[in-house]
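> What follows is a structure written as structure tokens; I'll ask about it next.
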Amino acid sequence: MFATPAQFTEIQKGQMDAAIALSQTWFDAAERLMELNLAAAKATLEESVERTQALLSVRDVQESLSLSGGMTQPTLEKAVSYSRKAYSIANGAGTEVSRIVDAQIAETNKKVAQLIDFAAKNSPAGSETGVSMLKSAVAAANTAYDTFARASRQAVAMAESNVSAATSAALKSASAANDTVKASAKRKAA
């Protein structure tokens with residue numbers, strides 16, 4: 001037998017559990033991002049001190065060009081590394097949220113289907129059309145959600161591919177520019 005009030009309570013409990021899991025996921029991601037930001041800020045401060053001391057010890061223009069040319073590549077690599085780590089944290093949180101939401105939707109759909117079946121079995125004669133329309137509406141909503149979820153996953157995959165390609169191109173470009181600056185400084189020094 002299907003106890004309707006108990007079933008609604010069970011659905012609500014499942015939704016509350018999902019909300020708690022989602023909150024925990026977001027707090028964990030926020031904590032990891034804060035740790036990443038603090039580490040990046042600390043490293044940036046330390047590097048700034050080292051670079052300032054190096055720039056203060058420069059004796060001529062050639063040395064200055066050589067020093068500043070050598071700073072560009074490591075800075076860009078660190079920025080790319082930071083971006084990758086931040087993206088990884090955000091992507092991991094998004095994946096976990098998707099998993100939680102998908103599981104909750106599947107469970108809720110199962111319970112709603114049970115509720116509709118119970119209502120169909122216990123409904124008066126002549127209400128088959130209404131029950132059929134309700135089943136069709138639930139099926140349409142599920143199809144729409146599946147389509148949206150699939151499109152979202154494809155968009156995320158495409159964005160990941162584009163970010164990876166752009167990052168690679170930026171690193172190659174910066175490396176080429178850095179090599180050009182170093183070569184120019186060597187020629188001027190010679």
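> Applying the selection to the stretch 118-135, what residues are in a helix (DSSP H, G or I) and either over 30 Å from Asp17 (Cβ atoms) or in contact with a helix residue (DSSP H, G or I) (Cβ under 8 Å, 6 or more places away or on another chain) (or both)?
Phe118, Ala119, Ala120, Glu128, Thr129, Gly130, Val131, Ser132, Met133, Leu134, Lys135
> A further question on this structure: Let me spell it out: the conditions are (1) assigned to a helix (DSSP H, G or I); (2) open to solvent by 60 Å² or more (accessible area, probe 1.4 Å); (3) more than 24 Å from Ser175 (Cα to Cα), and Gly94 meets all of them except one. Which number is the exception?
Answer for Gly94: the failing condition is (2).
> Quick check: is even one residue across the stretch 68-88 among the aromatic types (Phe, Trp, Tyr) and within 29 Å of Ala169 (Cα to Cα)?
First pass over the stretch 68-88, keeping only residues among the aromatic types (Phe, Trp, Tyr): 82, 87.
Restricting the remaining residues to those that are within 29 Å of Ala169 (Cα to Cα) gives 82, 87.
Checked the stretch 68-88: at least one residue is among the aromatic types (Phe, Trp, Tyr) and within 29 Å of Ala169 (Cα to Cα).
> What is the one condition in (1) touching an Asp or Glu at 6+ places or on another chain (Cβ under 9 Å); (2) open to solvent by 60 Å² or more (accessible area, probe 1.4 Å) that Ser161 does not satisfy?
(1)
> Here's a follow-up. Looking at (1) open to solvent by 70 Å² or more (accessible area, probe 1.4 Å); (2) modelled with pLDDT of 80 or more; (3) of a type in the set (Asp, Glu), find the lone condition where Glu128 falls short.
(2)
> Another question, if that's okay. For Val49, are the conditions met, namely being over 30 Å from Ala157 (Cα atoms) and modelled with pLDDT of 85 or more?
Judged against the criteria, Val49 is a match.
> List the number of the failed condition for Leu115; all other conditions in (1) at pLDDT below 75; (2) in contact with a helix residue (DSSP H, G or I) (Cβ under 7 Å, 6 or more places away or on another chain) hold.
The one condition Leu115 does not meet is (1).
> Please go through the stretch 45-91 and give me each residue that is farther than 21 Å from Ala29 by Cβ, open to solvent by 80 Å² or more (accessible area, probe 1.4 Å) and part of a helix (DSSP H, G or I), ordered by number.
Across the stretch 45-91, the qualifying residues are Leu45, Glu46, Glu50, Gln53, Leu55, Leu56, Val61, Glu77, Lys78.
> Between residues in the stretch 168-181 that are open to solvent by 50 Å² or more (accessible area, probe 1.4 Å) and residues that are at pLDDT 70 or above and of a type in the set (A, V, I, L, M, F, W, C), which pairs lie under 7 Å by C-beta distance while being six or more apart or on different chains?
Val181/Leu65
> May I pose another question? Given the structure, is Ser81 farther than 24 Å from Gln154 by Cβ and modelled with pLDDT of 85 or more? Working first, answer last.
On the way: farther than 24 Å from Gln154 by Cβ: yes; modelled with pLDDT of 85 or more: yes.
Yes; evaluated as a whole, the condition is true for this residue.
> Now a separate question. Select from the stretch 5-31 the residues that are modelled with pLDDT under 85, loosely packed, with under 13 Cβ neighbours inside 10 Å and among the hydrophobic types (A, V, I, L, M, F, W, C) and write down the one among them that is nearest to Gln104 (Cα to Cα).
Checking each candidate, the answer is Phe8.
The values are calculated or read from the model by the stated rules, or taken from the named source; none is laboratory data. In this text, all values refer to a predicted model and were calculated from it rather than measured experimentally. Cβ sites come from the backbone with ideal geometry, for glycine too, and all protein chains shown count toward neighbours. When the accessible area is computed, the model is the full protein with side chains, heavy atoms only, and any ligands, DNA or RNA have been set aside. Shrake-Rupley method; radii C 1.70, N 1.55, O 1.52, S 1.80 Å.
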